[in-house]
1. Could you check segment 182-200 and list, in sequence order, the residues that are open to solvent by 30 Å² or more (accessible area, probe 1.4 Å) and either of a type in the set (G, A, S) or in contact with a Ser or Thr (Cβ under 9 Å, 6 or more places away or on another chain) (or both)?
2. Going through segment 39-78 one residue at a time, which ones are among the charged types (D, E, K, R) and in a strand (DSSP E or B)?
3. When only residues in segment 201-218 that are in a strand (DSSP E or B) and within 11 Å of the ligand (Cβ to nearest atom) count, which is most open to solvent (accessible area, probe 1.4 Å)?
4. Select from segment 163-177 the residues that are open to solvent by 20 Å² or more (accessible area, probe 1.4 Å) and more than 14 Å from the ligand (Cβ to nearest atom) and write down the one among them that is nearest to L238 (Cα to Cα).
5. Can you tell me which residue is nearest to the chain's Cα centre (by Cα) among those in segment 182-198 that are farther than 14 Å from S253 by Cα and within 15 Å of the ligand (Cβ to nearest atom)?
6. I'd like to check something: does segment 219-232 contain any residue that is within 11 Å of the ligand (Cβ to nearest atom), over 15 Å from S253 (Cβ atoms), small (G, A, S) and surrounded by fewer than 17 Cβ atoms within 10 Å (Cβ to Cβ)?
7. Does G26 satisfy the criteria of being at positive phi and either surrounded by 14 or more Cβ atoms within 10 Å (Cβ to Cβ) or within 27 Å of the chain's Cα centre (by Cα) (or both)?
8. How many residues does segment 113-155 hold that are farther than 15 Å from S209 by Cβ and surrounded by 12 or more Cβ atoms within 10 Å (Cβ to Cβ)?
Amino acid sequence: MNTDQVGINSLSTIRLVVAAPDFQAGLSFFTDELGFAVAMIAPAEDPNVAVLTLEGLTVSLDKHSESAPVTLEIPTDESELLGTSKEGPNGTKVSYVTFARESDKMTKPSPTLAIAEQSDAHWVTGRAGMAYRSLIDHPNSGFTASHIRIEGSGEVPDWVHFHDVGFQIIYCFRGSAKLVYEGQGEPFIFNEGDCVLQPPHIRHRVLESFNDLEVIEFSSPSNHATYADPVMDLPNELLTPDRDFSGQRFTLSRQAESHWNNHKDSNSFITRRTSISESSGNVGWVNIIEATGTHQNGVDVSPLNSEATPDFLLWFILEGSGVITHRDKTINLGPTDAVVCPYGYNNETEFSLSECQIGFRVLEIGLNSG
Ligand SMILES: [Fe+2]
């Protein structure tokens with residue numbers, strides 16, 4: 001593409017109008033300091049308007065405009081620029097930010113144990129007609145864990161998209177859905193008890209949901225962006241099942257194909273370790289723990305990886321009721337209640353199951369530190 005084509009193409013894109021009372025100073029700031037290219041300028045002898053372009057942004061610099069000064073964010077990975085800002089002659093502000101535009105990192109509060117009770121559930125409507133209930137009511141934890149539902153059955157108005165995440169899983173709690181993932185072949189039915197690892201940036205789409213779908217979704221970091229991909233159609237013919245996405249691979253852990261083992265040394269609890277840990281490069285894990293007998297007094301079932309100090313831990317009660325003990329407190333839990341350690345699991349947040357019914361079943365999600 002030659003310069004003329006660049007110029008002409010830029011003239012058909014949407015423009016941001018920027019006032020430049022001192023036209024030459026404004027023009028010099030955009031072209032010499034920021035690197036914009038001139039697509040059009042007029043009149044030649046004493047210009048007062050110019051169309052400028054840089055990395056997909058088109059600016060209409062106008063001497064006579066009275067529009068308020070604007071702020072431009074320029075993504076960069078150059079450490080000397082990152083976090084800096086500058087101001088142009090007409091008040092235009094320029095900030096150099098990270099690609100993901102993370103919010104300022106806050107110091108995390110001390111580890112704490114929180115209970116998200118079903119009776120306190122607050123549902124909000126989110127993307128693609130889904131209702132969301134947050135399981136983490138703590139600021140700056142850096143993680144999102146949501147109980148998401150779509151009532152009834154039918155097509156889901158979703159589009160091909162991806163998430164800028166470090167770790168993200170979805171567990172099918174109730175109902176089912178038809179999903180499709182880039183490189184993984186034909187759409188498949190995501191059934192109750194199945195769990196998917198959505199590696200960073202994998203394109204995907206929810207096609208249909210059935211029988212009052214309910215899922216649990218966990219994402220890190222919480223302030224990740226979701227992007228539409230208008231170029232890719234899904235499903236498509238491309239098969240890349242083992243593709244590496246930033247050290248992670250897609251995995252679908254089917255409940256029907258799972259192996260259950262004794263939970264630690266217990267004879268009365270079994271655990272299903274999903275393939276999430278292995279496929280995520282041990283970034284995080286998902287396990288299901290189930291009671292195979294009645295337990296009272298002195299049952300000591302604690303989270304599976306308690307030797308480590310994970311950055312995040314969640315128990316979501318899938319079935320049955322039980323009592324957990326945390327320090328001197330006992331807490332009764334029932335289906336869809338959750339125990340959350342949003343600032344890490346350690347000595348402060350340690351808890352164990354002290355009583356439960358047969359069939360008591362817990363979804364455990366953890367994120368390893370580092
Ligand atoms: Fe998604």
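1. Correct list: Q184, I189, N191, E192.
2. Scanning segment 39-78 gives D62, E73.
3. Of everything passing the filter in segment 201-218, R205 is most open to solvent (accessible area, probe 1.4 Å).
4. Ranking the qualifying residues of segment 163-177, first place goes to G166.
5. Filtering segment 182-198 for residues that are farther than 14 Å from S253 by Cα and within 15 Å of the ligand (Cβ to nearest atom), the one nearest to the chain's Cα centre (by Cα) comes out as E182.
6. The answer is yes, given that some residue of segment 219-232 is within 11 Å of the ligand (Cβ to nearest atom), over 15 Å from S253 (Cβ atoms), small (G, A, S) and surrounded by fewer than 17 Cβ atoms within 10 Å (Cβ to Cβ).
7. no
8. 21
The values are calculated or read from the model by the stated rules, or taken from the named source; none is laboratory data. As the structure is a prediction and not an experimental result, all values here were calculated from the model. Virtual Cβ from ideal backbone geometry, glycine too; neighbours counted across all protein chains shown. We work out accessible area using only protein heavy atoms, side chains counted, and drop any ligands, DNA or RNA first. Shrake-Rupley method; radii C 1.70, N 1.55, O 1.52, S 1.80 Å.
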